[in-house]
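> Pasting a structure here, questions to come.
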Amino acid sequence: MQLLKRAEFGRKYRKYLYRSILSLFIIFNILAYLGAYAMTHFVSPGQFGWGQPKPNSSSIPTDLGLKYITQRIPIGQTEWLETWFIPARSPTSKGTVILFPGNGGSKAKQLLRPARVFHTLGYNTLLVDFRGVGGSSGNTTTLGMREAEDVAASFRHTQTLQPQQPIVLYGVSMGTSAILKAVAERKVNPHAIILELPFARLVDALGSRLNETSIPTFPMAQLTLAWGSIQHGYNGFVHNPEDYASQVKCPTLILHGKLDKWTTAAQIDRIERNLQGIKQLSIFPNAGHDLLVTVDRDRWMQQIEQFLEQVKIR
């Protein structure tokens, strides 16, 4: 009798355990699906939906005393990139710098202040909204995967308009991953690239952000990335800028905040070590994952100017 009771208890316990595990699995997947959707979709003002507010162009270059031209770069027949072209101060520019924002950023939100410095140094600048943000078409992001196509389109557009001039690519955070992917896989061959606040692997970048919350990093980072990959048709598990770096041969400057919570020094070291061309790393001791020109403008400008002079873009 006692053995039968124990056996019955064991069956009930296992049934309860299996149901609990299944319930947690379902809950984690629902949360991951919703999290991936919210992370990669934008909602325009006045619209109802699940996602981040779509970044807009609340500021324009003339607010900083910069003349500009708004341009559209077509991608296919139904999509486009909105850009601002700011000509150099002098009739003869040193080259053109194409600037790309980070996740949830836009040309107005993240690129105006860096562009003003490049303008001061004598360069044309092209500020680009990735698809999904600002004045560009769409309402989604793929965290640098599809955005590599936007980098390639912007590069070809600039080559057509200024065929004899050096072209430098500058990106912030997610923008750096799009640049590295474009150089590695889209036959984009700039004279130099500047990577500000890069990350090494997308799954690690997601994990580091979850680590700041009460949500368990494992398995939520993996599940979120898996659902995001399904939603957008890209494999986020192979979106690893540290791997793209091994295909990059042009001169590269990496700018990193020492207090960055999202990317470790070891991850930055892996990116730098994999780069095949001339490379420099500049660490800002008092900065985190912040737009570095806003933390220490003088140091930022000095590092940029010295790098571009060293690689003969002047």
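> For the condition closer than 30 Å to PHE42 by Cα, crowded, with 16+ Cβ neighbours inside 10 Å and at pLDDT below 95, what is the one hit in LEU210, LEU255, LEU291? Working first, answer last.
Details: LEU255 fails: at pLDDT below 95; LEU291 fails: at pLDDT below 95.
Matching residue, one of LEU210, LEU255, LEU291: LEU210.
> Does LYS249 count as in contact with a Ser or Thr (Cβ under 6 Å, 6 or more places away or on another chain), free of Cβ contacts under 8 Å to residues at least 40 places away in the same chain, surrounded by fewer than 21 Cβ atoms within 10 Å (Cβ to Cβ) and over 18 Å from GLY144 (Cα atoms)? Outline the logic, then answer.
Numbers: in contact with a Ser or Thr (Cβ under 6 Å, 6 or more places away or on another chain): no; free of Cβ contacts under 8 Å to residues at least 40 places away in the same chain: yes; surrounded by fewer than 21 Cβ atoms within 10 Å (Cβ to Cβ): yes; over 18 Å from GLY144 (Cα atoms): yes.
The answer is no for LYS249.
> Scanning for something modelled with pLDDT under 80 and either more than 30 Å from the chain's Cα centre (by Cα) or aromatic (Phe, Trp, Tyr) (or both), does region 42-56 turn up at least one residue?
yes
> Looking at LEU197, LEU225, which one is under 25 Å from PHE118 (Cα atoms) and either within 18 Å of the chain's Cα centre (by Cα) or among the acidic types (Asp, Glu) (or both)?
LEU197
> Can you tell me which residue is nearest to ARG89 (Cα to Cα) among those in region 26-66 that are in contact with a His (Cβ under 8 Å, 6 or more places away or on another chain) and assigned to a loop (DSSP other than H, G, I, E, B)? Steps first, please.
Taking region 26-66 as the starting set, the residues that turn out to be in contact with a His (Cβ under 8 Å, 6 or more places away or on another chain) are 40, 49-52, 66.
If we keep only those that are assigned to a loop (DSSP other than H, G, I, E, B) too, we end up with 49-51, 66.
Working: GLY49: 43, TRP50: 43, GLY51: 40, LEU66: 9 Å.
The extreme case among them is LEU66.
> Which of (1) within 20 Å of ARG297 (Cβ to Cβ); (2) in contact (Cβ under 8 Å) with a residue 60 or more places away in the chain; (3) out of contact with any helix residue (DSSP H, G or I) (no Cβ under 7 Å at 6 or more places or on another chain); (4) not β-branched (Val, Ile, Thr) is the odd one out, the single condition LEU121 does not satisfy?
It fails just one condition, (3).
> List the number of the failed condition for GLY236; all other conditions in (1) farther than 26 Å from THR294 by Cβ; (2) crowded, with 18+ Cβ neighbours inside 10 Å; (3) touching a residue at least 24 places away in the same chain (Cβ under 8 Å); (4) in contact with a Phe, Trp or Tyr (Cβ under 9 Å, 6 or more places away or on another chain) hold.
Failing condition for GLY236: (4).
> May I pose another question? Please tell me if PHE100 is under 28 Å from THR224 (Cβ atoms) and aromatic (Phe, Trp, Tyr).
On the way: under 28 Å from THR224 (Cβ atoms): yes; aromatic (Phe, Trp, Tyr): yes.
Yes; evaluated as a whole, the condition is true for this residue.
> Go over the candidates ALA32, ALA36 one by one and state the one that is small (Gly, Ala, Ser), in contact with a Ser or Thr (Cβ under 7 Å, 6 or more places away or on another chain) and at pLDDT 90 or above.
On the way: ALA32 fails: at pLDDT 90 or above.
Being small (Gly, Ala, Ser), in contact with a Ser or Thr (Cβ under 7 Å, 6 or more places away or on another chain) and at pLDDT 90 or above holds for just one of ALA32, ALA36, which is ALA36.
> Can I ask one more? Scan region 124-163 for residues that are touching a helix residue (DSSP H, G or I) at 6+ places or on another chain (Cβ under 7 Å), of a type in the set (S, T, N, Q) and touching a residue at least 60 places away in the same chain (Cβ under 8 Å) and jot them down.
Hits for region 124-163 are THR140, THR141, THR142.
> Criterion first (surrounded by fewer than 21 Cβ atoms within 10 Å (Cβ to Cβ), modelled with pLDDT of 95 or more and touching a helix residue (DSSP H, G or I) at 6+ places or on another chain (Cβ under 7 Å)) does ASN274 satisfy it? Working first, answer last.
On the way: surrounded by fewer than 21 Cβ atoms within 10 Å (Cβ to Cβ): yes; modelled with pLDDT of 95 or more: yes; touching a helix residue (DSSP H, G or I) at 6+ places or on another chain (Cβ under 7 Å): yes.
In short, yes.
> A further question on this structure: Of all residues in region 148-207, how many are within 15 Å of GLU242 (Cβ to Cβ), in a loop (DSSP other than H, G, I, E, B) and not aliphatic (A, V, I, L, M)?
Residues in region 148-207 being within 15 Å of GLU242 (Cβ to Cβ), in a loop (DSSP other than H, G, I, E, B) and not aliphatic (A, V, I, L, M): 4 in total.
> Residue under question is TRP262, and the condition is that it be in a loop (DSSP other than H, G, I, E, B), buried (at least 16 other Cβ atoms within 10 Å of the Cβ) and hydrophobic (A, V, I, L, M, F, W, C); does it hold? Can you show your working first?
Values: in a loop (DSSP other than H, G, I, E, B): yes; buried (at least 16 other Cβ atoms within 10 Å of the Cβ): yes; hydrophobic (A, V, I, L, M, F, W, C): yes.
Spelling it out, TRP262 is indeed in a loop (DSSP other than H, G, I, E, B), buried (at least 16 other Cβ atoms within 10 Å of the Cβ) and hydrophobic (A, V, I, L, M, F, W, C).
> Would you be able to tell me the number of residues in region 60-106 that are of a type in the set (S, T, N, Q) and within 21 Å of the chain's Cα centre (by Cα)? So that I can check it myself, show each step before the final result.
Here is the first cut: in region 60-106, the residues of a type in the set (S, T, N, Q) are 62, 70-71, 77-78, 83, 90, 92-93, 96, 103, 106.
So of that shortlist, the ones also within 21 Å of the chain's Cα centre (by Cα) come out as 83, 96, 103, 106.
Counting residues in region 60-106 that are of a type in the set (S, T, N, Q) and within 21 Å of the chain's Cα centre (by Cα) gives 4.
> Could I ask something else about it? Can you find, within region 125-147, the residue that is farthest from PRO45 (Cα to Cα) among those that are touching a strand residue (DSSP E or B) at 6+ places or on another chain (Cβ under 7 Å) and not in a loop (DSSP other than H, G, I, E, B)?
THR125
The values are calculated or read from the model by the stated rules, or taken from the named source; none is laboratory data. All values derive from a computational prediction rather than experimental measurement. So basically every Cβ, Gly included, is an ideal-geometry build from the backbone, and we count neighbours across all protein chains shown.
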